[in-house]
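The values are calculated or read from the model by the stated rules, or taken from the named source; none is laboratory data. Keep in mind it's a predicted model, so treat the numbers as computed, not measured. In this analysis, Cβ positions are derived from the backbone assuming ideal geometry, glycine residues included, and neighbour counts consider all displayed protein chains. What goes into the accessible areas is simple: the full protein's heavy atoms, side chains included, and nothing from ligands, DNA or RNA. Shrake-Rupley method; radii C 1.70, N 1.55, O 1.52, S 1.80 Å.
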Amino acid sequence: MKSTLFYSLSLLLTTATSQLLVLPPEDLLPAKSDRGDQRPLENMDPTGPGGFSLPPFLGGGGGSGTVVLSDVVGKERSINLFAGFTRDVESVSRRLDDKAQNSTVLAPLNSAVEGLPRKPWEDARDYDALGAQAYEGGGGQDRARRNLGRFAEAHVVPVSPWEEGDKVKTLLGDREVWWESKDGKKVIQPDNIEVDSVASKVGNGEVWIIKGVRNYA
Ligand SMILES: *[C@@H]1O[C@H](CO)[C@@H](O)[C@H](O)[C@H]1NC(C)=O
């Protein structure tokens with residue numbers, strides 16, 4: 001009787017112990033902060049969520065920790081209308097998310113978007129061709145989405161740093177834009193739009209707040 005009990009107990013213990021050794025469940029281990037600094041291991045994991053990146057002591061920036069344009073474009077209230085468009089337009093949101101491709105985002109102030117004679121997803125040519133119902137029904141929604149896409153793409157310059165006088169086409173691919181200094185201010189040409197400020201500089205580019213809307217039609 002005694003030996004049977006002993007046997008069962010030791011079997012139980014052995015099973016429990018071997019389970020712990022083989023596969024310690026995460027919640028049985030002490031909290032991460034009590035386990036010492038394990039971050040170098042995470043950074044060296046070539047299959048980690050951020051892909052391969054050099055550990056900080058070899059000059060790496062920490063891969064998955066890199067801040068990109070899509071993280072910061074929504075931070076400034078004064079441009080939150082345009083920030084919303086960049087999220088709604090897939091070509092633009094992918095671009096701002098892409099760590100490998102730099103951009104200079106020309107984000108018009110809300111007041112400039114609100115001051116437009118039409119909504120950014122409206123196009124005078126649609127009204128000319130289709131009348132007042134141009135944006136009704138499924139076809140209308142598609143037209144509106146396409147127009148909003150053109151508006152957003154027309155405000156993303158696919159280079160950063162963007163040097164003064166450097167003529168480039170935006171993501172939309174319409175005529176070239178460049179900028180020049182005037183009285184200590186940056187001015188976007190050929191539309192003569194003043195840059196209010198450079199709101200953010202991150203790993204894949206910069207957000208410039210601009211006081212007007214590009215004329216790209
Ligand atoms: C992209 O931007 C970063 C940060 O400003 C810069 O270090 C890097 O040289 C840029 N890459 C290209 C291809 O312009």
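Things worth noting here:
- Cα-projected label distance for Q101 with E136, points at 7 Å along beta-carbon direction, nm: 3.8
- Taking 0.36 nm per residue of sequence separation and removing the Cα-Cα distance, the N110/D88 pair yields an extension gain of 6.3 nm.
- Backbone N under 18 Å from the K211 label point (7 Å along Cα→Cβ), restricted to region 114-131: 114-116
- Inter-part distance where region 120-138 and region 169-215 are each reduced to a Cα centre, Å: 29
- For D71, solvent-accessible area (1.4 Å; no DNA, RNA or ligand), Å²: 80
- Proximal charge balance of R145 [Cβ under 15 Å; K/R count +1, D/E count -1]: -3
- Cβ-based net charge around E114, under 14 Å, with every Lys or Arg adding one and every Asp or Glu removing one: +3
- Positive minus negative residues near A129 (Lys, Arg vs Asp, Glu; Cβ under 15 Å): -2
- R146-K201 FRET efficiency (beta carbon distance; Förster radius 35 Å; 0.05 resolution): 0.65
- Added length on full extension, which subtracts the Cα-Cα distance from 0.36 nm per residue, R77 to R118: 12.6 nm
- Area of E90 that stays accessible when all protein chains are in place (1.4 Å probe, Å², to 10): 120
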